[in-house]
1. Could you pull out every one of the aspartates and glutamates with an alpha carbon less than 18 Å from that of Lys114, ignoring same-chain neighbours closer than 8 positions?
2. Please find the FRET efficiency linking Asn93 to Arg141, where r is the Cβ-Cβ separation and R0 is fixed at 22 Å, and quote it to the nearest 0.05.
3. To two decimal places, what compactness ratio does the range 57-162 give when its Cα radius of gyration is scaled by 2.2 N^0.38 Å?
4. Along the positive direction of the dipole of the chain (beta-carbon charges: Lys, Arg +1; Asp, Glu -1; about the Cα centre), which of Phe167, Gly129, Met149 reaches farthest?
5. Please list, or write none, the aspartates and glutamates whose alpha carbon is within less than 18 Å of the alpha carbon of Lys14, excluding same-chain residues fewer than 8 places away.
6. If you place +1 on the Cβ of every Lys and Arg and -1 on the Cβ of every Asp and Glu, how big does the dipole about the Cα centre of the range 52-108 come out, in debye to the nearest 20?
7. What is the Cα coordinate range of the range 16-88 on the first, second and third principal axes, sorted by size from largest, in whole angstrom?
8. Quick one: work out Rg over Rh on the C-alpha atoms of the range 3-47, Rh as Kirkwood radius.
Amino acid sequence: MNGWTDLLSINFNKTHYVQFITKNKPKSHIKIVYNNKQISTVSSIKFLGNCINDTINWKYHIEYILPKLSMVCYAMSFIKPHMSPETLKILDNSNFNSIINHGLPFWGTSPNSKKIFRMQKRIVRMMMGCRKEVSCRNLFRKLKILPLMSQYILSLMMSIIKNKNQFTENS
């Protein structure tokens, strides 16, 4: 080889592959070798901020972001007495919502996303100073915050609009 490709190298400690599997088809034993070194297989990996496992059920990703969301809730509980509702909403949007919106079109319909929605309701109640028993429907409206499933639908619509030239029209 010659040129810029000679300058590239693979870090075998950081290079892995995931073999995606289904319930009906067992995992096959694939061996990937480069320069007489085998690239290892893993059952889950973090890729562009999304945690993906070999069954693509998104449980791994949701379990990864839950502690981050919990930290935002914890921080919000301390700063709430010292901040205005408008400032709390800005903090929610910049911290909590930025975490849940990353990759939402992929994991938004996962059954595990209910945990994220519960956490979202928790922070909305905290922002409004309400107890656990209070319904969040009106709280979301008052704060003008979209619930998780509505954010999911909006993210899909925005993706379609952004990539509309990739779709064929049906008459």
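Read the figures in this text as sums done on the coordinates, not as results from a lab. What you see is a predicted model; the values in this text were computed from it and never measured. Neighbour counts are summed over all protein chains in view; Cβ atoms, including those assigned to glycine, are modelled from backbone coordinates with ideal geometry.
1. Glu63, Glu133
2. Working: r = 16 Å, r/R0 = 0.73.
Approximately 0.85, to the nearest 0.05.
3. 1.05
4. Ranked along the dipole, the leading option is Gly129.
5. Asp54
6. 100
7. 60, 33, 16
8. Reported Rg/Rh, Kirkwood definition of Rh: 1.08.
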